[in-house]
Every structure is written in structure tokens, then in C-alpha cells.
Amino acid sequence: MADNVAITAGTGTAIAADEVVDGTLGTVKVQYVKLMDGTLNSTTKATVATAAQTMSAGYQLVALATDSVNVNGLATAANSSPVVIAPQTTDVSVTPTVTAGAYTAGNVLGGIMNFINIVPSIGSNGVLQSITAKFKATAVTGSLEVAIFRANPSNGTYTDHAAPTWNSADMANLLGIYTMATVNSKLGTMAIYNLDGIGKAFVSSSTSLFAVVVVDGTPTPASTSDFTLGLAVLPG
């Protein structure tokens with residue numbers, strides 16, 4: 001049987017006789033899914049090559065095989081390939097409250113930032129892919145140091161517009177400190193830092209990641225909501 005049978009969903013739409021190559025298939029099972037809510041319907045018909053089969057309105061064929069179809073919609077026939085779902089990147093941004101005034105090199109920018117639900121569950125694997133830092137109304141200079149933790153570094157003190165106070169009890173949860181050295185302000189009075197392709201694998205201890213940003217220069221945010229930090233994580 002052909003694996004590339006073309007079906008169009010809709011009222012009265014059928015699997016026509018000429019859409020199946022082999023006329024001696026006998027009984028086949030068709031499973032089709034309603035895209036709006038993911039519900040499945042199945043039907044079994046004999047001799048598809050000579051008798052068309054009609055799908056219910058609003059459904060789309062997801063598998064057609066000489067063997068049964070499992071609950072995940074993957075055909076179990078020997079000549080069918082399983083559908084592999086690509087993992088989806090989770091991108092979360094946080095806009096902390098910052099000081100609308102000059103910072104001194106070595107100051108924390110925005111305190112501890114919580115990236116809620118950036119990983120699906122406690123104990124799941126993840127890969128930190130990228131970090132993006134943006135100033136929406138300030139053309140800043142100097143590097144940013146971004147410390148990423150897999151749990152809240154609450155044992156230390158990381159107050160906005162002040163020097164950080166480290167506590168070694170947070171060491172086990174520190175994934176790394178990433179330097180964002182290249183800033184781009186080509187669009188005008190703004191600034192963006194991008195650090196891509198990090199590839200840091202980790203096992204989560206909560207559904208959040210946490211970040212602390214330390215400035216190497218002397219930025220002066222234009223407002224208390226001028227700064228945004230974004231993290232992107234790929235499931236491991």
C-alpha cells in the first residue's frame with residue numbers, strides 16, 4: 001500500500017479507490033484526528049481499493065495502515081514510518097524593576113530574576129540555548145555578566161543597584177556565569193545583547209531557572225522597566 005496517500009478533510013471527503021495502489025489489501029484501519037480538539041476516530045473497511053471511505057467533517061487522516069493504529073496515531077504497519085515530534089524551545093522573558101539612574105561597575109542589575117515554567121517539570125532535562133538582554137530606551141556600553149541558577153540563590157544577597165554577596169550554599173545550583181560582551185544599538189536609543197548556541201545541559205530542580213545580572217560598565221536605565229532578560233531552553 002502507498003504511504004503517501006493524500007486525503008483532504010471535510011464533509012463527505014473520501015479515500016477514493018484510485019488513491020490506493022494495491023487492490024488486494026483486504027481490511028485496513030483508518031484513524032483520523034480532529035485538529036481543533038485532538039479527538040480521534042477510527043473506522044475499519046474492507047477492500048479500500050474498490051470502495052471509498054468517508055471521514056467525518058472536521059477530521060484529518062493521521063494514519064492509514066494494513067495493521068492497527070496505536071493510541072498515539074503512529075501506524076504499526078511495517079512499511080510505515082513513525083511520526084517524530086520535534087522538541088519545542090521554551091522562551092521566557094523577565095522585566096525586573098531596575099534603578100532609573102547610573103549603576104557602578106560590579107552592581108547587580110534587577111535583583112534575582114525568576115523564569116517561571118521555563119522547564120516542564122521538576123527533574124526534567126533541559127539545555128540552555130540562548131540569553132538575550134535588552135534596554136528599550138538606553139544605549140548602554142560595557143559587558144553584562146549573567147549568572148544562571150537552577151534554584152533560587154536565596155542564600156546570598158543580590159539587591160538591585162548594589163554589589164552582590166555570594167553564599168557558597170548556592171554553588172550546587174549555579175549552572176554558569178555567561179559574559180555578554182557585544183552590545184548592539186544600531187536602531188537608535190536602545191541596546192541588545194545576544195548570546196546564542198550555549199548548549200548547557202542541566203537537570204531541573206524546579207520548573208524555574210533564576211538569573212542574577214552584574215554590570216561591568218556604568219549603564220543608566222531610562223526607566224524602572226527599561227531592562228529585559230530572556231532565556232531560551234530546549235528540552236533535553
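Run the simple label-point estimate for N152 and S223 please: 7 Å along Cα→C-beta, distance reported in nm.
Simple spin-label model gives 2.8 nm for this pair.
Give me M180, M113 ranked fewest to most by other Cβ atoms within 10 Å of their Cβ, as a rough exposure proxy.
M180, M113
What trypsin sites (Lys or Arg not before Pro) does region 126-220 have in DSSP loop regions with at most 13 other beta carbons within 10 Å?
K186
Place a +1 charge on the Cβ of each Lys and Arg in region 118-232 and a -1 charge on the Cβ of each Asp and Glu, then give the dipole magnitude about the Cα centre in debye, rounded to the nearest 20.
240
Using alpha carbons only, how many angstrom separate the centre of region 87-162 from the centre of region 166-220?
Taking the Cα centre of each part, region 87-162 and region 166-220 sit 6 Å apart.
No lab work stands behind these numbers, since they all come straight from the coordinates. All values reported here derive from a predicted model rather than from experimental measurement. Cβ: placed from backbone, ideal geometry, glycine included. Neighbour counts: every protein chain shown.
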